[in-house]
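In what follows, a single structure is set out as structure tokens and then discussed.
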Amino acid sequence: MPDPRDPRTRKTDTLATLATPAIDVWVASASGEGAPHLVPLSLAWVEEQVVVAVEASSVTARNVTTSGVARLAVGPTRDVVMIDAVLDRTVEVADDELGAAYAAQADWDPRRSTGYVFLVLRPVRVQAWRESDEIAGRTLMRDGDWLV
């Protein structure tokens with residue numbers, strides 16, 4: 001097992017993970033009335049925000065646009081990045097600038113499909129850890145501000 005990372009290294013590793021091409025994210029959302037909903041989606045890290053493409057009529061789109069929040073998990077159990085995020089905006093996939101940035105990182109281009117929107121999520125808390133020896137100090141961002 002590698003030694004625990006210092007906070008700066010952990011932040012650098014986290015940002016590298018979020019910028020990884022064709023990386024997936026688990027998106028947890030909930031309505032005020034129903035059970036939590038969890039789906040895997042392709043992620044793009046654009047200007048320090050998470051961008052995911054979903055069908056506008058999907059449970060995820062409805063939950064996130066109604067509640068304004070989502071919880072995201074990136075990476076394997078032993079090198080996870082957890083993000084609590086708020087909805088910054090919903091954007092039609094026809095938006096060329098955001099669509100190009102999304103397609104450049106994700107492994108598909110939703111602009112070629114119909115009925116999709118981008119959910120642009122602003123992180124308010126980011127945590128990252130590998131093993132139990134990194135649980136202490138796992139919070140890298142709090143209230144939208146990087147701590148390191």
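Only one of the values (1) 0.96; (2) 1.42; (3) 0.98 was calculated from this structure for Rg/Rh (Cα atoms, Kirkwood Rh); name its label.
So the calculated entry is the one marked (3).
What does the accessible area of Leu147 come to, in Å² to the nearest 10, when a probe of 1.4 Å is used?
Around 90 Å² of this residue is reachable by solvent.
Give, in nm to one decimal, the length gained when the segment between Thr9 and Asp107 is fully stretched (0.36 nm per residue of separation minus the Cα-Cα distance). Walk me through the numbers on the way to the answer.
Values: separation 98, 0.36 × 98 = 35.28 nm, distance 2.71 nm.
Stretched fully, the Thr9-Asp107 segment lengthens by 32.6 nm.
Counting helices only, and only those DSSP H runs with n ≥ 4, report the 222 nm mean residue ellipticity of the chain as the sum of -39,500 (n - 2.57) divided by its residues, in deg cm²/dmol to the nearest 500. Intermediate values should be presented prior to the final figure.
On the way: 3 runs with 31 residues, N = 148.
After summing the helix terms and dividing by residue count, I get -6000 deg cm²/dmol.
Could you tell me what percent of the accessible area of region 1-136 is made up of carbon and sulfur, with a 1.4 Å probe and every protein chain present? Mind showing how you got there, number by number?
Details: 3720 of 7120 Å².
C and S atoms contribute 52 percent here.
Report the Cα centroid-to-centroid distance between region 63-120 and region 32-50 in angstrom, as an integer.
6 Å
Could you tally the net charge around Leu119, taking each other residue with its Cβ under 14 Å from the Cβ of Leu119, Lys/Arg +1 and Asp/Glu -1?
Details: positive: Arg62, Arg71, Arg89, Arg122; negative: Glu55, Asp88, Glu92, Asp95.
Charge balance near Leu119 sits at 0.
All other residues with a Cβ under 13 Å from the Cβ of Thr139 taken together, and with Lys, Arg as +1 and Asp, Glu as -1, what is their net charge?
Working: positive: Arg10, Lys11, Arg125, Arg138, Arg142; negative: Asp84, Glu134, Asp143, Asp145.
Taking every Cβ under 13 Å from that of Thr139, the sum is +1.
Top to bottom by accessible area (1.4 Å), largest first, where do Tyr102, Tyr116 land? Mind dumping the intermediate values first?
Numbers: Tyr102 0, Tyr116 55 Å².
Largest accessible area first, the residues go Tyr116, Tyr102.
The values are calculated or read from the model by the stated rules, or taken from the named source; none is laboratory data. Computed from a predicted structure; not experimentally measured. Note that we place each Cβ from the backbone using ideal geometry, even for glycine, and neighbour counts take in every protein chain shown. Note: areas computed on protein heavy atoms with side chains; ligands, DNA, RNA excluded. Shrake-Rupley method; radii C 1.70, N 1.55, O 1.52, S 1.80 Å.
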